[in-house]
Each structure stands twice: as structure tokens, then as C-alpha cells.
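Single-structure report; data block below.
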Amino acid sequence: MFRRHRTALVVATLSATLSLAACGGGSARPKADLAASKITTIGVNAYLWRASLDTLSFMPLLQTDSNGGVIVTDWYVNPQTPAERMKVTVSILDQDLRADALRVAALREVNQNGQWVSAPVQASTTQKLEDIILTKARDLRRASIAG
């Protein structure tokens, strides 16, 4: 008997709370920050995905897979250094907006006597790309919460 009354009380309280929230009554509630992956249909964090696409927008895209979280660019030649080209792969590894949910890999080639030859990529290059993507993703998240 006590259990049935307690259940009825919980249901009544929940019902009253929901009806007040639905009509705007009660105190102002903070906006819930839903994970971007929960409000979109892609398989990875939407903020990281959008920030990655924005960051790499100057490069031609070869492959994108929003469910797997992979972006592969085609070779890009900077007009200021025509004897060098870069190819970038971004992997988004998680649905959460975290620094370890992002991995950037780059390939670099230099033109030697008409042949493209592999060359090392400085670790700072991929680190800078990761930092730029993460900063943009955080900005997108902040803008969506504020807006």
C-alpha cells in the first residue's frame, strides 16, 4: 500500500514539474548542453566534424565518412611553395568533444626533378592542425549553447 502511494506521489510530482516546464513556469533553467552526436545523425561529434571540414576547406577533399569520422584530403600544393604538396587525414575517434577524440595525420612530398618524393612532416604541423580544429569545435559548441 505504501509503495503504491509513493509511486503515485512521484508520478504526480513529475507530472507537475513537466507541465510547469512546458508552459515556461518556474525559475529559469540553464540550457542543457546536449552532446552534438546525440542531436545529429552522424556517428561522431558534430562540432569536431564541422570544425575539421572548416579547417580543411582550402584543400580538395578526396573522401569523407561522417559515420566513421574520417576526412581524407587530396594532395594540396600551396601556390607559394609549388615544389611541395601535402595530404591530410583527420580521424574523429569519439562522440565527445575531447582533445584525444581527434587525430590528424599528414603526408608531405617534395618535387625533385619532376618526381614527387616523400619528405618528413614536422610534428608541429599536425599538432597545429589539431589545435585549430579543437579551438573551432569549442567555439562552435559555445555558439550553439549561447544561441
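We did not get these values from a lab; they are worked out from the coordinates using the rules stated. In this text the structure is predicted, and so the values were computed from the model without any measurement. Ideal geometry is used to build each Cβ from the backbone, glycine not excepted, and the neighbour counts take in all protein chains shown.
When the chain is fully extended, how far beyond the present Cα-Cα distance does residue 83 get from residue 125, taking 0.36 nm per residue of separation? Can you show the working numbers first?
On the way: separation 42, 0.36 × 42 = 15.12 nm, distance 1.77 nm.
Stretched out fully, the residue 83 to residue 125 stretch lengthens by 13.3 nm.
Skipping prolines and chain starts, which residues have an amide H placed within reach, meaning under 5 Å, of the one on residue 102, given they are 5 or more residues away or on another chain?
93
By its C-alpha gyration tensor, with a ≥ b ≥ c as the square roots of the eigenvalues, how is the range 39-147 shaped: rounded for a/c under 1.5, else prolate for a/b larger than b/c, else oblate? It would help to have the intermediate numbers written out before the result.
Numbers: a/c = 2.41, a/b = 2.17, b/c = 1.11.
Verdict is prolate for the range 39-147.
Which distance in nm do the two modelled labels at residue 70 and residue 98 give, with both placed 7 Å along the Cα-to-Cβ direction?
Reported label-point gap for residue 70 and residue 98 is 2.2 nm.
Sort the following peptides by mean Cβ neighbour count (other Cβ atoms within 10 Å, averaged over residues), highest first: 53-66, 105-118.
Numbers: 53-66: 14.3, 105-118: 12.0.
Result, highest mean first: 53-66, 105-118.
For the range 56-134, give the magnitude of the charge dipole about the Cα centre (Cβ charges: +1 Lys/Arg, -1 Asp/Glu; no others), in debye to the nearest 20. Mind showing how you got there, number by number?
Details: 6 positive and 9 negative charges, 47 e Å.
Roughly 220 debye, rounded to the nearest 20.
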